[in-house]
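A quick write-up on the structure given underneath.
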Amino acid sequence: MAAQTTSSRPRRRRRRPPTVTIHDVAARAGVSVATVSRVLNRNAPVRQETLQHVQDVARRLRYVPNTAARALSIRRSHTIGVVLPDVHGEFFSEVIRGIDVAARKSGFHILVSGSHSDADEMLAVLETMRGRVDGLLVMAPDVAIGTLGEQIPSELPLVLLNASSDEHDAIGVDNYGGAFAMTRHLIGEGHSRIAFVKGPEPNADARERLRGYRQAMKQIGVRDRSLECSGDFTEDSGCAAAKTLIAMNPRPTAIFAANDSMAIGALSELSDAGLDCPGDVAVAGFDDIRVGRYITPSLTTVHVDVDELGRRAFELVHQSIEQSIEQAIEHPSENERRREMVPTSLVIRHSTLSSTRIRPRGRKGGAS
């Protein structure tokens, strides 16, 4: 009888099923990672139907929450740090309000400070916030983020407002498109000698608004740099610029200021000089601050949805916070940076119209 032989082939090992992550649950449920985290951690309100749906999907996928990630979640402060160039003025107060409303809905509070557009001040503020906040929202149009380098806390999710960096998520306003559209509006009203009051040179928003103005003027063959006047986003600088511009011969027939504060200053100077607006000189601004609709003449401007800017900025940093808890353990190599843009629209009021006809708001900014 022949001897029994044993197969020399190695026994196959059973493959372990791949670990189900929070990202798999979010994808299958059709919701964000942040929503899944809120459902599983019960740390913020979620609609009942969404809660039930996510729980069902998690059960079907046999998702087991990562205990280390949960430990990180428990240690959170549920506070977002907000760093702005200034905390004075209507624009910044509206940004703060937009962030705060969105934060409260998700069970977060905000800690606000101003950097005064100074890199050293910003670093001091960021260092003070370290350990007190779960994430940072930084508006720094006057500061080159790249120059701060490793001094920015790397362990904190950070989103930039109206600034950009390859290292961080960012959201901004379509400054170029808004300025282009406003200049085209003034051209459409019959103006060709359109002056522009610039913002501070280091400011990224100011540079984009100047670029939009120049592009629109270039399209009608005008490249006259003498029509551009320096400003610093204050009423006084708008007043000083208007005084210089109306002394020109021939003087401009329209003044487009890079923000509403400077436009209001220009209107004051025109009134003091005995000039009619818009009859002698039309005036337009940028930002659509509330006071612009109540002055006489009411101010034509580029509308920026500041509430939307604040809301979307918070959503970005909130998503980053939720994702960082899981990604630090499950996907440490994932590092895709998000870029978002808030559109602008024109608000046409009496300060640029040759008649009393007021057009409805809603024309989107943007170069064609």
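Sort the following peptides by mean Cβ neighbour count (other Cβ atoms within 10 Å, averaged over residues), highest first: 282-288, 31-37, 95-101. Walk me through the numbers on the way to the answer.
Working: 282-288: 27.9, 31-37: 21.4, 95-101: 19.3.
Output ranking for 282-288, 31-37, 95-101: 282-288, 31-37, 95-101.
Can you tell me how much longer the chain between Q215 and T296 gets when fully stretched, taken as 0.36 nm per residue apart minus their C-alpha distance, in nm with one decimal? Can you show the working numbers first?
Values: separation 81, 0.36 × 81 = 29.16 nm, distance 3.00 nm.
26.2 nm is the gain from fully extending Q215 to T296.
Between A119 and A27, what is 0.36 nm times their sequence separation minus the Cα-Cα distance? Round to one decimal in nm.
Values: separation 92, 0.36 × 92 = 33.12 nm, distance 3.98 nm.
Full extension from A119 to A27 adds 29.1 nm.
Determine the relative contact order of the range 165-241: mean sequence separation of Cα pairs under 8 Å and six or more apart, normalised by residue count, in whole percent.
Details: 76 pairs, mean separation 27.4, N = 77.
Value for the range 165-241: 36 percent.
Pulled fully out, how much extra length does the chain show between D86 and V101, if you take 0.36 nm times their separation in residues and subtract their Cα-Cα distance? Mind dumping the intermediate values first?
Numbers: separation 15, 0.36 × 15 = 5.40 nm, distance 1.95 nm.
Net length gain for the segment: 3.4 nm.
For the range 186-270, which whole-number percentage of the solvent-accessible area (1.4 Å probe, protein heavy atoms only) is attributable to carbon and sulfur atoms?
Values: 1700 of 3610 Å².
Here carbon and sulfur together make up 47 percent of the probe-accessible area.
Measuring with a 1.4 Å probe in the full set of protein chains, what accessible area per residue, in whole Å², belongs to the range 246-285?
Values: 1340 Å² over 40 residues.
The answer is 34 Å² per residue.
Normalised by the residues of the range 179-318, what does the relative contact order come to in percent, with Cα pairs under 8 Å and at least six apart? Intermediate results must be reported in sequence, preceding the final value.
Working: 228 pairs, mean separation 31.1, N = 140.
Over the range 179-318, the number comes to 22 percent.
If I take the Cα coordinates of the range 232-331 and project them onto the principal axes, what are the three extents in Å, biggest first?
68, 24, 19
Go through S354, S345, S77 and list them by solvent-accessible area, largest first, probe radius 1.4 Å.
Numbers: S354 115, S345 15, S77 50 Å².
Highest to lowest solvent-accessible surface, that is S354, S77, S345.
Determine, from the Cβ-Cβ distance of E308 and A247 and an R0 of 41 Å, the FRET efficiency 1/(1 + (r/R0)^6), rounded to the nearest 0.05.
With a Förster radius of 41 Å, E is 0.55.
Please list 295-301, 19-25 highest first by mean number of surrounding beta-carbon atoms within 10 Å per residue.
Values: 295-301: 20.9, 19-25: 18.0.
Taking the mean over residues of other Cβ atoms within 10 Å, the ranking is 295-301, 19-25.
The values are calculated or read from the model by the stated rules, or taken from the named source; none is laboratory data. Remember, it's a predicted structure, so these values are computed and weren't measured experimentally. Neighbour counts run over all protein chains shown; Cβ positions are idealised from the backbone, glycine included. Note: areas computed on protein heavy atoms with side chains; ligands, DNA, RNA excluded. Shrake-Rupley method; radii C 1.70, N 1.55, O 1.52, S 1.80 Å.
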